[in-house]
Amino acid sequence: LRSQATIAASDLIDRMRADPAAFAGKRFDSATASDNPMFEDWRRQLPLIGLRASASGPQGALDCSAGNACGTGHCSVIVRWDDSRADYAPSGQRDRGTDALAFAVCTRLAE
């Protein structure tokens, strides 16, 4: 599932490279419709990759605004999923927070 999240994040980063001005200084998440056609297409495709949505926040988020976790001139991309199926009672692996897993990456927004 982490590989799928990584591919989804990379896909969004490639879309950002196609038109950096459309993302500069903006913030989007998959729970809210936006006026950015590239992000909207990514948002619609995100549920199709097989990651169950997490209760800890939107399944996908992009923050290119000033003061984001990655710093000025950079963007934060996060893909979240619920992997509670990995809590297997007979093995004793339970309550590991698998319902709120996330892949996060920082990328520089081209000028």
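The values are calculated or read from the model by the stated rules, or taken from the named source; none is laboratory data. Computed from a predicted model, the values in this text were never measured in an experiment. Surface accessibility is based on the protein's heavy atoms, side chains included, excluding ligands, DNA and RNA. Shrake-Rupley method; radii C 1.70, N 1.55, O 1.52, S 1.80 Å.
A few points about this structure:
- Maximal additional length on extending the Asp35-Ala102 stretch stands at 21.6 nm, based on 0.36 nm per residue less the C-alpha distance.
- Solvent exposure of the chain, expressed per residue, is 56 Å² of accessible area, with all protein chains present and a 1.4 angstrom probe.
- Taking the chain and dividing mean pair separation by its residue count, relative contact order in percent (alpha carbons under 8 Å, at least six apart): 28
- Protein accessible area in the range 1-46, 1.4 Å probe - carbon and sulfur %: 50
- The chain - Rg (one decimal) and Dmax (whole number), Cα, Å: 14.9, 53
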